[in-house]
Amino acid sequence: GGELSTAAKVPDSKRGSAAETSEGMETETETENENEAGYLADDNAPRLGKIAATDNFKNLQTSSKWFPNAYKPPEKTESPEEEAKRKRSEFWTRTRLTFAMFLSFLTVIACGHVYVMALVMCIKVGMFKEILGLKRDREKDKRIPMFRLLNWLFFFICIYFVYGKILMKHIQVVHLEIPIVGWVTANHSFKSFAAWCAGFCSFILLLEKGAYKYQFTQFGWTHVTLLMIVVAASAMINNMYDGMVWFFVPVCLVIWNDVYAYVFGRFWGRTPLIKLSPKKTWEGFLGAFVTTVVFGVWCGYLMGQFDYMVCAQEELTLEFFPELSCERDPTFVPSIPVTVPGWLQTLSALPGIPSIRLDKTVLLMPFMWDSLYLSVFASLVAPFGGFFASGFKRAFKIKDFGDLIPGHGGITDRMDCQIIMSVFVAVYRTTFFLNGKGATVAQILSQVDTLTLSDKRELLNRLQAAVD
């Protein structure tokens, strides 16, 4: 009856000082409480308590500050007929969008290199927006003016640095006479670093008490995202300008593998492949591998017939549907003798099969072997980029990175395998093709423009002597 509470034993003076100390301390604490109902997709969302799966869904949907679409209504029990109808609808929606996107992609490819580069940049903008949104807290963003704009500033600084480095190798001397182009390319690295320093100083000045941990988390998240996205973008563009085939074929291989993994898995899939993606099956994985290897060899042979695909684009031009011609690299010249099997030689003699003349030995392009290696990587390694994205989404309790493309999710959902594929192609080419090769004409011209007048005259005299 005479017991005193702990609070009563503390003198008022000490209690006041303790309260002041508590108020002066950093109040931000971010803990990850595992929610049993599984509906919270972000760590900083309001702790609403336990809510039944079918109760108050609209309030739950609007409580998301990062990904409103991450909260799906409770699934209703479907009859077998309804489930089959829904799956058919999803299949045809996904199929139609796949064909539409691929036809649009072919149109951009035909328009020219600079338009493909613009497409790549638009894709990277979408990916950056989706990934950055995973850790966004709108309430804290409102308290910090210009903070969200600062993240985009870092993005465009990085794009300016990487794209500028690439484009300077392909700009002819005449283009440097345009004032804006000359300003962009002059002292490019210094301007890029100065802009980043301005952004860094702005980040320090924008630090707000009570949001330190959030701001530093966003700073690191932004730069890691930029590293992943911009490295892939630079690899894609470098591959493309050294020959569109190095960009087009790998992209097609990943698309083909993804499509046929879905087809084989949907109709014949029985054995689960990996826990991160329950819908992935061994049947889909192996079926896609076989079809991708066959498609890759055929696609490499077909694309090698066109100069537009195999010729490097050394100049920057806005011309639509440009025509390229060049002296072909030995990689794209038929030089590997292959003996045709006897059964294949007699195949054209069978009834109903068109007559095709096949010599006992045919010459194949070395690039067909490269296509085979790229196909194997696209089938066995690139899918793990998709598995990584699946684990990533599970970590944040979301279904897709976005909902821009019906039946497919967001842009990042479609590009997860392309990232690792583009980097592999860049490393493959650097190791086995570009190692030991000299500079291109465009690269030499970009260096000539930096010479003094006397050095240019000396260079001209030496070139004349070498030609004579």
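What follows draws every value from the coordinates through simple rules; no lab data is involved. Predicted model only: the values in this text are computed from it and were never measured. Glycine also receives a Cβ, built like all others from the backbone with ideal geometry; neighbour counts cover every protein chain displayed.
Taking amide hydrogens as placed 1.01 Å from N in the peptide plane, the amide H of Ile274 sits under 5 Å from those of Lys280, each at least 5 positions away in sequence or on another chain. The residues packed around Asp258, meaning those with a beta-carbon under 13 Å from its beta-carbon, carry a net charge of +3 if Lys and Arg are +1 and Asp and Glu are -1. Residues in the stretch 151-159 carry Karplus couplings, in order, of 4, 5, 4, 4, 4, 6, 5, 5, 5 Hz; the curve used is 6.51 cos²θ - 1.76 cosθ + 1.60 with θ = phi - 60°, and Gly or Pro positions show x.
Packing order of peptides 134-145, 277-288, 251-262, highest average first: 251-262, 277-288, 134-145 (average count of other Cβ atoms within 10 Å over each peptide's residues). Checked against a 29 Å cut-off, the cross-linked pairs Lys85/Lys399; Lys165/Lys399; Lys85/Lys124 give Cα-Cα distances beyond that limit for Lys165/Lys399; Lys85/Lys124.
If R0 equals 45 Å, the separation of the Cβ atoms of Lys213 and Thr361 corresponds to a calculated FRET efficiency of about 0.05. What the phi angles of the stretch 293-302 give under the Karplus curve with 6.51, -1.76 and 1.60, with θ = phi - 60°, is a coupling list of 5, 5, 5, x, 5, 5, 5, x, 5, 5 Hz, glycine and proline written as x. The chymotrypsin sites (Phe, Trp or Tyr not before Pro) of the stretch 374-426 include none that DSSP puts in a loop with a beta carbon having at most 10 other beta carbons within 10 Å.
In terms of the mean number of neighbouring beta-carbon atoms within 10 Å, the peptides 452-458, 114-120 order highest first as 114-120, 452-458.
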